Every structure is written in C-alpha cells, then in structure tokens.
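A short worksheet on the structure shown next.
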Amino acid sequence: MNPSIRILLADDHPSLRDGLASILNSQPDLSVVAEAATGREAVEKFKITSPDLLIVDLRMPDGDGIQTIKQLVAMAPSVKVLVLTTYDNEEDIFTALEAGARGYILKDTTREEIIEAVRQVHAGNRFLPTAIAARLADRMIRPSLTPRELDVLRLVSRGRSNKEMAVAMFVSEETVKSHMKGLFQKLGAHDRAEAVSIALQRGLLRMD
C-alpha cells in the first residue's frame with residue numbers, strides 16, 4: 001500500500017523528530033517525507049515536498065510555530081496543521097487554532113493518540129483532547145485584554161511604577177490606572193503580583 005498521508009515534522013529536537021518519525025512510519029498509511037528544525041526550514045521544506053499534513057511545535061528558532069502556521073496558511077489555505085507541543089496554556093491553544101491549526105496535542109500523549117490525531121486532522125476534522133478543549137473553552141468565555149492592557153501588563157511584570165509606565169507609553173498616570181483596573185478585572189486579580197502570576201499561567205506573558 002502506498003502511504004496516503006505524507007507528513008512534514010517541524011521541531012528543533014532531533015531525538016523527538018526521530019521518535020515521532022518512527023511512530024508514524026510504522027503505519028501503512030503514514031509517511032514522514034521531510035523534517036525541519038526551524039520555522040524557516042519548515043516553510044522551505046513545505047514548498048519542496050508539498051506534504052499533506054504538518055506536525056509543528058510552538059517554540060522553534062528562526063520563526064516560531066505560530067508564525068510558521070500563519071505563513072503556511074497564507075501560502076496554502078487548505079494546509080492541514082497539527083500542533084505537537086509541551087505548552088498547554090489557554091493563550092497558546094487559542095492562538096494556534098486562530099492561526100490555522102486543526103489539532104493541538106501535547107508531547108506526553110500516547111502514540112495511539114498521535115496517530116489518531118494525524119488521521120483526524122488529515123480527514124478535515126479538528127482534534128482536541130478533552131483537557132485541551134476545556135482550556136480552550138475557558139479562554140473563549142473570558143474577555144480579552146486590549147493591546148494597551150497587554151502593554152501595561154508587560155511593564156508591570158518588569159516592575160515598572162505607574163509613573164514609569166506613563167512615560168514609556170506616552171499617556172497620563174490616570175490612563176495607566178484605568179488600564180490597570182481593566183486588566184485586574186479581566187484577570188480576576190487583586191494586585192500586581194497576582195495579575196502577573198495569572199498572566200504567566202495563561203500564556204499572556206512569557207518570562208524568556
């Protein structure tokens with residue numbers, strides 16, 4: 001039988017790609033036709049091999065997973081993308097699906113679930129394990145922070161005072177306080193430390 005699902009793997013860990021390729025190639029209907037270690041390489045390999053499906057990590061050098069997904073969808077709107085990652089926070093899940101991914105699974109999932117996810121996404125279905133779907137539902141019902149509230153949140157995480165934030169954002173301190181009030185309400189936080197902690201848990205902030 002000729003494999004009917006041709007797959008490109010994009011992840012910067014060679015050992016993980018090797019293991020995943022072994023799992024997928026063991027199935028008669030699956031074949032890994034290309035591998036990439038960076039976002040840019042994934043796009044280039046996609047142009048050359050035209051795979052049926054891509055499995056993409058969210059954190060890669062030279063173009064992260066979200067940027068890569070957006071580029072691929074812009075090039076080929078019907079492209080099928082499955083995210084395989086260690087990140088399970090609400091914002092990463094929401095952003096990946098919004099960018100065009102059709103499935104989202106974690107790297108500690110079983111080989112059977114990985115294979116099932118590939119087949120389901122290739123068939124045009126979405127694939128979200130129960131825990132991932134629950135996190136996405138939580139994200140969908142919460143009000144989103146505005147771009148300015150996110151700016152304030154990032155400055156808060158760096159320990160900036162209201163006055164320093166006002167100078168950095170070219171606004172008044174009253175405007176900063178208004179943004180602070182809004183983000184506290186949306187996050188359900190009572191103070192700055194709690195706001196930063198919640199934001200980190202949900203993926204709104206990253207301490208890189």
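The values are calculated or read from the model by the stated rules, or taken from the named source; none is laboratory data. Here the structure is a predicted model, which means the values were calculated and not measured. Note: ideal-geometry Cβ built from the backbone for every residue, glycine included; neighbour counts use all protein chains shown. These area figures cover heavy atoms from the full protein model, side chains too; ligands, DNA and RNA do not enter into them. Shrake-Rupley method; radii C 1.70, N 1.55, O 1.52, S 1.80 Å.
Relative to the longest principal axis of the chain, what angle (0 to 90°, nearest 10) does the C-alpha long axis of helix 147-157 take?
The answer is roughly 80 degrees.
Quick check for you: with a 1.4 Å probe and neighbouring chains kept, what is the accessible area per residue of segment 104-208, in Å²?
On the way: 6140 Å² over 105 residues.
Spelled out: the 1.4 Å probe surface of segment 104-208, per residue, equals 59 Å².
Based on the alpha-carbon gyration tensor of segment 83-132 and its eigenvalue square roots a ≥ b ≥ c, which shape applies: rounded if a/c is under 1.5, prolate if not and a/b is larger than b/c, or oblate?
Values: a/c = 2.16, a/b = 1.19, b/c = 1.82.
Since a/c reaches 1.5 but b/c is at least a/b, the shape of segment 83-132 is classed as oblate.
Looking at Leu72, Leu30, Val156, which one has the Cα that reaches farthest to the positive end of the dipole of the chain (charges on Cβ: Lys, Arg +1; Asp, Glu -1)?
Projecting each Cα onto the dipole axis, the largest value belongs to Val156.
Based on Cβ point charges of +1 for Lys and Arg and -1 for Asp and Glu, what charge dipole magnitude is obtained for segment 147-208 about its Cα centre, in debye rounded to the nearest 20?
Numbers: 11 positive and 8 negative charges, 19 e Å.
Using only the charged Cβ atoms, the result is roughly 80 debye.
Dipole magnitude of the chain about its Cα centre, charges +1 at Lys/Arg Cβ and -1 at Asp/Glu Cβ only, in debye to the nearest 20? Please list the in-between numbers first.
Details: 27 positive and 29 negative charges, 108 e Å.
It works out to roughly 520 debye.
With all protein chains present, how much of the accessible area of segment 82-192 (probe radius 1.4 Å) comes from carbon and sulfur, to the nearest whole percent? Could you put the intermediate results ahead of the total?
On the way: 3020 of 5860 Å².
Roughly 52 percent, rounded to a whole number.
So if I place +1 on the C-beta of Lys and Arg and -1 on the C-beta of Asp and Glu, and nothing else carries charge, what would the dipole magnitude of segment 1-52 be about its Cα centre? I want it in debye, nearest 20.
Working: 5 positive and 8 negative charges, 28 e Å.
Using Cβ point charges on Lys, Arg, Asp and Glu, segment 1-52 gives about 140 debye.
Gain in length, Leu136 to Ser4, computed as 0.36 nm per residue apart minus the alpha-carbon separation, to one decimal in nm? Please report the intermediate quantities before stating the final value.
On the way: separation 132, 0.36 × 132 = 47.52 nm, distance 3.08 nm.
Roughly 44.4 nm would be gained on extension.
Hey, if you put +1 on the Cβ of every Lys and Arg and -1 on every Asp and Glu Cβ in segment 1-146, which of Ala131, Phe94, Leu84 ends up farthest toward the positive end of that dipole?
Positive-most Cα among the choices belongs to Phe94.
Taking 0.36 nm per residue of separation and subtracting the Cα-Cα distance, what length does fully extending Lys186 through Ser78 add?
Working: separation 108, 0.36 × 108 = 38.88 nm, distance 3.51 nm.
Computed gain between Lys186 and Ser78 is 35.4 nm.
From the square roots a ≥ b ≥ c of the eigenvalues of the alpha-carbon gyration tensor of segment 1-151, which class results: rounded (a/c under 1.5), prolate (a/b over b/c), or oblate? Write down the numbers at each step before the final one.
Details: a/c = 1.82, a/b = 1.45, b/c = 1.26.
Cα axes put segment 1-151 in the prolate bin.
Run the simple label-point estimate for Asp64 and Ser161 please: 7 Å along Cα→C-beta, distance reported in nm.
Between Asp64 and Ser161, the simple spin-label model gives 3.2 nm.
Using a Förster radius of 22 Å, what is the FRET efficiency between Val33 and Thr86 based on their Cβ-Cβ separation? Nearest 0.05, please. Don't skip to the end; give the middle numbers.
On the way: r = 25 Å, r/R0 = 1.13.
It comes to 0.35.
Nearest 500 deg cm²/dmol is fine: what mean residue ellipticity at 222 nm does the chain get from its DSSP H runs of n ≥ 4 alone, each adding -39,500 (n - 2.57), divided by its residue count?
Details: 10 runs with 113 residues, N = 208.
Helices in the chain give a 222 nm mean residue ellipticity of -16500 deg cm²/dmol.
How do 75-86, 92-103 rank on mean C-beta neighbours within 10 Å, highest first? Show your work: numbers first, answer last.
Details: 75-86: 17.4, 92-103: 20.8.
In decreasing order of mean packing, 75-86, 92-103 become 92-103, 75-86.
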